[in-house]
Amino acid sequence: MTQHKISLTRYLVEQQRADGHIPGQLRLLLEVVARACKSISQAVNKGDLGGVLGTAESENVQGEVQKKLDIIANEVLIEANEWGGHLAAMASEEMDSIYVVPNRYPQGEYLLLFDPLDGSSNIDVNVSIGTIFSVLKKPEDHPGVQEADFLQAGAKQVAAGYCIYGPQTTLVLTVGDGVAMFTLDREQGSFVLTKENIQIPADTKEFAINMSNMRHWDAPVKRYIDECLAGSEGPRGKDFNMRWIASMVTDVHRILMRGGIFLYPWDKREPGKPGKLRLMYEANPMSWLVEQAGGMATNGRERILDIAPGKLHERVSVMLGSKNEVERVTRYHDPL
Ligand code: AHM
Ligand code: MG
């Protein structure tokens, strides 16, 4: 625990001063995202009292039924971010195409992508959910902004993070200089630095995967999990524990706090679909955070951050967390 409370604002100002890691516009952007997360946190906390639970009458671009809170969170993020002059456009899991900042506001140089409320299936049952975000720079070679400007590999991110709405509301952030964690002080209404330089242990005895899909997995993933399940009598020589919250934010948060491996692999049910999770606003930000914390993230074959996206809502197979475990399952994908 830090002795003197350092607010998110002070942390960002000091980062900007120290090494110019965070240009002024990016600092403003991150402050605004944090403010939006505070307001989403309030809506989430109210639950039934705020009339925010349950399903809306709509579907998103991926054909998923939207929850009321999905839509509220999306609107909060857009309204908070559109007028500040730091953004050119936004993209979200909940919107078919990009949202260009209206021309009544100045256009900035950054692009913001988000999953406004990840883990929607958990909203109504009072289990932790979160907002995931990724920030890219708009290419400078042309005026205006188009969807193609967003199609940059995750390695190009300039900031990434998530805010988890659980027993505590916690913002976890990287600007490429390690991972820092801020807890919302509800009385003060501000995020306070509570952990710096988060490190994921390279080894773990904990895995997270939706086991009900086992019969659909590809052989390398099946082999990896079978070996974990065999416990101390199997080839791994140790017993494993399993956790599956079904909120990626929460599963990844646990891994950042105490290690583990998270897998949402491609499976045989939908051959044309390379996975369930979305590359640009789920896998990329989480992969960068994990790498910044000394972990590893692949799709079984290549580093997630190196994948060149073909479209905004592209899906990807995800394996991330403790380095030695991700290395192992990735090795199992190598052709013999
Ligand atoms: P969402 O963005 O529609 O909420 O879906 C993503 C979620 C992840 O948070 C989680 O890891 C996964 O989907 C859960 O999938 P499943 O329902 O198969 O357990
Ligand atoms: Mg999601």
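Only the coordinates and a few stated rules stand behind these numbers; no lab work does. Since this is a predicted model, take the numbers as computed values, not measurements. Here the Cβ positions follow ideal geometry from the backbone for every residue, glycine too, while neighbour counts run over all protein chains shown.
At-a-glance table
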{"quantity": "Proximal aspartates and glutamates relative to Lys67, as straight alpha-carbon distance under 14 Å, when same-chain residues fewer than 8 apart are discounted", "calculated": "Asp48, Glu57, Glu59, Glu75, Glu93, Glu94, Asp115, Asp118, Asp124"}
{"quantity": "Computed FRET value (nearest 0.05) for Arg301 with Asn213, which takes r as the C-beta separation and R₀ as 25 Å", "calculated": "0.85"}
{"quantity": "Cysteines, the chain, no other Cys beta-carbon under 4.7 Å", "calculated": "Cys228"}
{"quantity": "Sparse-neighbour loop sites [chymotrypsin sites (Phe, Trp or Tyr not before Pro); segment 196-300; at most 16 other C-beta within 10 Å; DSSP]", "calculated": "Trp244"}
{"quantity": "Segment 206-330: Cα Rg divided by the 2.2 N^0.38 Å rule of thumb", "calculated": "1.00"}
{"quantity": "Range of Cα positions in the chain per principal axis (Å), largest first", "calculated": "63, 48, 46"}
{"quantity": "Over the chain: helical MRE at 222 nm, DSSP H runs n ≥ 4 each giving -39500 (n - 2.57), nearest 500", "calculated": "-8500 deg cm²/dmol"}
{"quantity": "Cβ-based charge dipole, segment 113-179, positive-most Cα from Ser121, Gly178, Val158", "calculated": "Gly178"}
{"quantity": "Charge context of Ala80, other residues only, Cβ under 13 angstrom, K/R +1, D/E -1", "calculated": "-2"}
{"quantity": "Given Lys222/Lys276; Lys46/Lys276; Lys156/Lys323; Lys68/Lys137; Lys205/Lys273, the pairs whose alpha carbons are separated by over 27 Å", "calculated": "Lys46/Lys276; Lys68/Lys137; Lys205/Lys273"}
{"quantity": "Residue-span extension gain [Thr55 to His21] - 0.36 nm each, minus C-alpha spacing", "calculated": "8.1 nm"}
{"quantity": "Net lengthening on full extension, Thr183/Asn126 (0.36 nm per residue, minus Cα-Cα)", "calculated": "18.6 nm"}
